[in-house]
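Structure record follows, encoded as structure tokens.
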Amino acid sequence: MLSSKANWKYINNPPAKDRDSIEIAMSPIVKDLFLQRGITTTEEAKQFMQPDLSNLADPFLLQGMDKAVKRIKEAAANQEKIVVYGDYDADGVSSTVVLLHALKKIGADCEYYIPNRFTEGYGPNELAFRQLHQAGFGLIITVDTGIASVHEAEVAKELGMDLIITDHHEPQAQIPDCYTVIHPKLSEDYTFKELAGVGVSLKLAQAIMGELPYEVLPFAAIGTIADLVPLVSENRVLATFGLKELERTNNVGLKALKQVCQLEERLTEEDVGFRIGPRINAVGRLGDADLAVDLFLEKDAEIALEMANELNHMNEQRKKIVQEIVDEAMGMIQTDKRIIIVAKEGWNEGVLGIVASKLVQKYDRPAIVLAIKPEQGIVKGSARSIPAFDLFEGCMTVRDLFTHFGGHAQAAGMTLPVENLVSLEAALDDLLFEHLSEEDFKQELNINAILDIEDINVSIIEEIGKLAPFGMGNPKPLFEINGIPKEVRQIGSKKNHLKMQFASPKAQIDMVGFGFGELKEAISPYTKISVAGELSVNEWNGRRMAQLMMEDLKITEWQLFDFRGKKAEQLLPGTGKEVFVCGEPVQFTKHQETFSYKEALSMDLRSYQTIGFTALPESLNDMKEIIRQMNPENIVIAIRQVPNQYPFQFPSRKEFIDYYSLIKQHKQFRVAEMQKAIEQHRGWNEAKVMFMSDVFVDLGFAVKKDGWLRYEAATNKQDLSESIVYQTCMKQKEAENILIYSNYQDLKKWFESCMDTSLNVKEEAVYGL
């Protein structure tokens, strides 16, 4: 067996008849994906596949929009200084650029301000507002931030500045008292509540300009995708058309960034999520996000390329810093705790959320990663969780330990006194121990369907692609396929990736798992494997073939690992679990205990999952009993070929009769002297003659003394099988035939018979003789 890394959860497929409600010429697989997403009619399916800008809601349905537009236009007409107050992530940067574009289009006197993560922290702050007031700004418009800035709103009022807040983060109990607030979740008439910060900024820009500004749609896509808001409804429209505009943009900064990212003509949500977004975010994580905004405002292509390269350099720095902190954190983790809490002075707090995510992925436990600020006596950082644990609710049970805390079920940010760390760890560890089982700590994979390989082809994958862009709320479908792989091999320069192929008479499919290379040694031959992953098209030398990119795999049947004749270091794959070894003390894994067969028979073996055999048993029944008791998930057979104790062809019954007649005829003789004649006339070697002699002595039919063998008249009739010598040889030959000389498939069948209590002893004994 091989356990999956994640818990596989299967999305319920609606009844097949429900597909009839979607009258589109598409495969049942895709229709099921529609139904799983709550799309049940032809019209809904068409609208989902073909988003339209006309489906965007009227921006004036947002509460406060009319008031905000009037004030902004008034300020522009009077040449009041307006400042756009943004945030330092990709959504905040995009929001800032979008609104600046609109303000400049109406002739406003405008600038932007983004706080520094390290010196100012997140969101509006009093000192910044006072500095902006001194610089002559009379109107502040926040984008992607501000909904929690109650105090700063009071400061703006005190200074005589008007504050317009546009945001999408969760509203708190108290809403800031300012000129006006534009927020989807505070707008009763606005039905879609999940806009990103850039979506709200775009709505304001559209309302100011009187038309949708197509030229900033690329930024709407970048902010929407990078901020991980649900890609449904309006967000899906903005992402779809924003990606198209991003492909043909004339923005000098975006063109430079695309060049640095080595992006092709056709762009996907993955290009934004994994290439463009991280480079924009890196600037704010390591320093001042102004560089990113300035890049997108730059008109000179040469300067823009230099700036884009700087973003790229900072992203490489970010990755290096993240890895350094991950490596340090791994050395600090206490393996006996269900919560990971690590803290160190000097860690860059801008990347601690990424570090926490990597620790969660590796250890399947909630992780809190903190930077120690000794001069303030505090720790500050980020946390990420596993699906089964609501991090926000958990931390709220010990809210008094924090100076500042905020977040949601899977992510949070926090500040607390350094002396509270021990109490925090103890409280959360107790909470996890009380409410979660071991199985709960695994990540989750939501499987959309189980497919046969005959169902999979390029056209099906292209149909599924019509559901893109994928993201939160519209995840890329995951499928399970099952089979016995035709080949399993490691690929990559470090052999750290895995490639397998399933094949049938009608179809075949390659599967690639990045980072799965070490599992090759944990997969035995002729074993059925379940693989979960995403379907994609592999294009190579003009050929397009379906493939599956592995997310996880598992083996639900027991496995036999055949290492007969192999070197010790080649033996058992590292399972990380204790292995019971029966036989010789051959060290082939860090986690093993070695016992003799006699010791093993007196032990309770049910706690072990893997057993290794390194020596022949005296009797196969001993091995059968051990296997029956243990019912192992994995068996390792690592028995070397031993010097043959009985180097001859086992005598037939007729040969025993002939030899007995010879003894009876001669009454007695020296065995050594008789051997030459026997070998010449019968072809029996010395070992065979000695064995038959020992059997007759054992049965009392002869006496052996001082090299002489003497006939002894039998008083009772006895069968050859009653001889202990005969039985021992038979058992040895049987064990060798099965455990040393049989092929893999026959050996596996024999082990299966040992574990299957429905097979009787006679069938087991006859097998292999």
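The values are calculated or read from the model by the stated rules, or taken from the named source; none is laboratory data. Model, not experiment: these values are computed from the prediction. Cβ placement follows ideal geometry from the backbone for every residue including glycine, while neighbour counts extend to all protein chains displayed. Heads up: the accessible areas ignore ligands, DNA and RNA and are worked out on the full protein's heavy atoms, side chains in. Shrake-Rupley method; radii C 1.70, N 1.55, O 1.52, S 1.80 Å.
Show the residues, 5+ positions off or on another chain, whose built amide H is closer than 5 Å to the amide H of residue 37.
For residue 37, no residues qualify.
Probe radius 1.4 Å, ligands and nucleic acids left out: which of 37, 682 has the largest accessible area, and how do the rest follow?
682, 37
What does the C-alpha gyration tensor say about the overall shape of the range 471-556? Classify as rounded when a/c is under 1.5, otherwise prolate if a/b is larger than b/c, or oblate.
Since a/c stays below 1.5, the shape of the range 471-556 is classed as rounded.
What nm value, rounded to one decimal, do you get for the distance between residue 526 and residue 682 when each label is placed 7 Å out toward the C-beta?
Roughly 3.9 nm, to one decimal.
Enter the Cα centre distance for the pair the range 309-348 and the range 353-389, rounded to the nearest angstrom.
Spelled out, the Cα-based centre of one part sits 10 Å from the other.
Once both axes come from the Cα atoms, what is the angle between helix 150-159 and the longest principal axis of the chain, in degrees from 0 to 90, rounded to 10?
Result, in degrees: 20.
Please determine, in degrees from 0 to 90 and to the nearest 10, the orientation of helix 301-330 with respect to the longest principal axis defined by the Cα atoms of the chain, where the helix direction is its Cα long axis.
In the chain, helix 301-330 runs at an angle near 50 degrees to the longest axis.
Compute, for residue 622, the solvent-accessible surface of its heavy atoms (probe 1.4 Å) with the complete set of protein chains present, and express it in square angstrom to the nearest 10.
Probe radius 1.4 Å; accessible area of residue 622 about 50 Å².
Using 7 Å Cα-to-Cβ label points, what is the residue 746/residue 25 separation (nm, one decimal)?
5.7 nm
I need the phi-derived Karplus couplings for the range 547-554: 6.51 cos²θ - 1.76 cosθ + 1.60, θ = phi - 60°, integer Hz, Gly and Pro marked x.
8, 10, 8, 5, 9, 6, 8, 8
Per residue, how much accessible area does the range 1-96 show when a 1.4 Å probe rolls over the protein heavy atoms, in square angstrom?
That works out to 48 Å² per residue.
Report the calculated FRET efficiency for residue 446 and residue 727 (r = Cβ-Cβ distance, R0 = 45 Å), to the nearest 0.05.
Using R0 = 45 Å, I get an efficiency of 0.15.
For the range 342-483, with every protein chain kept in place, what is the accessible area per residue (1.4 Å probe, Å²)?
Each residue of the range 342-483 exposes 43 Å² on average to a 1.4 Å probe.
Rounded to the nearest 500, what is the 222 nm mean residue ellipticity of the chain from helices alone, with -39500 (n - 2.57) per DSSP H run of 4+ residues and division by all residues?
-11500 deg cm²/dmol
In whole Hz, with x marking every Gly and Pro, tabulate ³J(HN,Hα) for the range 285-292 from phi via Karplus 6.51 cos²θ - 1.76 cosθ + 1.60, θ = phi - 60°.
Once rounded to whole Hz, the list reads 6, 9, x, 10, 6, 4, 4, 5.
In nm, to one decimal, how far is the modelled label at residue 361 from the one at residue 667, with both set 7 Å along Cα→Cβ?
Here the answer is 9.1 nm between the modelled labels.
Enter the accessible area per residue of the range 609-719 (Å², integer; probe 1.4 Å; all protein chains in place).
55 Å²
Please say if the range 89-136 is rounded, prolate or oblate, where rounded means a/c under 1.5 for a ≥ b ≥ c the square roots of the C-alpha gyration tensor eigenvalues, and otherwise the choice is prolate for a/b larger than b/c and oblate otherwise?
Oblate is the answer for the range 89-136, as a/c is 1.5 or above yet b/c matches or exceeds a/b.
Not counting ligands, DNA or RNA, and with a 1.4 Å probe, what is residue 166's accessible surface area in Å² rounded to the nearest 10?
For residue 166, solvent-accessible area is about 0 Å².
I'd like the carbon and sulfur percentage of the solvent accessible area for the chain, probe radius 1.4 Å, heavy atoms only, ligands and nucleic acids excluded.
Summing carbon and sulfur atoms, their accessible area is 48 percent of the total for the chain.
Excluding ligands and nucleic acids, what accessible area in Å² is computed for residue 99 using a 1.4 Å probe, to the nearest 10?
Ignoring ligands and nucleic acids, residue 99 comes out at about 0 Å².
Rank these by accessible area, largest first, 1.4 Å probe: 169, 313, 681.
So, going from the largest accessible area down, we get 681, 313, 169.
When only DSSP loop residues count, what trypsin sites (Lys or Arg not before Pro) in the range 235-340 have their Cβ near at most 14 other Cβ atoms within 10 Å?
Loop-located and lightly packed - 248, 266, 299.
State, as an integer percentage, the relative contact order of the range 1-145 based on alpha-carbon contacts under 8 Å between residues 6 or more apart.
Answer for the range 1-145 is 21 percent.
Just to make sure I understand: if all protein chains stay in place, what is the order of 335, 249 by accessible area at 1.4 Å, largest first?
The ranking, largest first, comes out as 335, 249.
Calculate the FRET efficiency for residue 584 and residue 3 from the Cβ-Cβ distance with a Förster distance of 30 Å, rounded to the nearest 0.05.
0.55
Using +1 at the C-beta of Lys and Arg and -1 at the C-beta of Asp and Glu, which of 478, 55, 512 has the Cα lying farthest in the positive direction of the dipole of the chain?
Result: 512, furthest along the dipole toward the positive end.
How much length is gained if the chain between residue 191 and residue 335 is pulled fully straight, taking 0.36 nm per residue apart and subtracting their Cα-Cα distance, in nm to one decimal?
47.1 nm is the gain from fully extending residue 191 to residue 335.
Tilt of helix 90-105 relative to the longest C-alpha principal axis of the chain, in degrees (0 to 90, nearest 10)?
Around 30 degrees separate the two axes.
Assuming R0 = 60 Å, what is the FRET efficiency of residue 323 and residue 621, from their Cβ-Cβ distance, to the nearest 0.05?
0.65
Using amide H atoms built in the peptide plane, which far-off residues or other-chain residues are under 5 Å from residue 445 H to H?
Counting only residues 5 or more places away or on other chains, the set is 7, 8, 9.
Under 1.5 on a/c is rounded, so check that first for the range 54-173, then, if it is not, pick prolate when a/b is larger than b/c and oblate when it is not; a ≥ b ≥ c are the square roots of the alpha carbon gyration tensor eigenvalues.
Here the range 54-173 falls in the rounded category.
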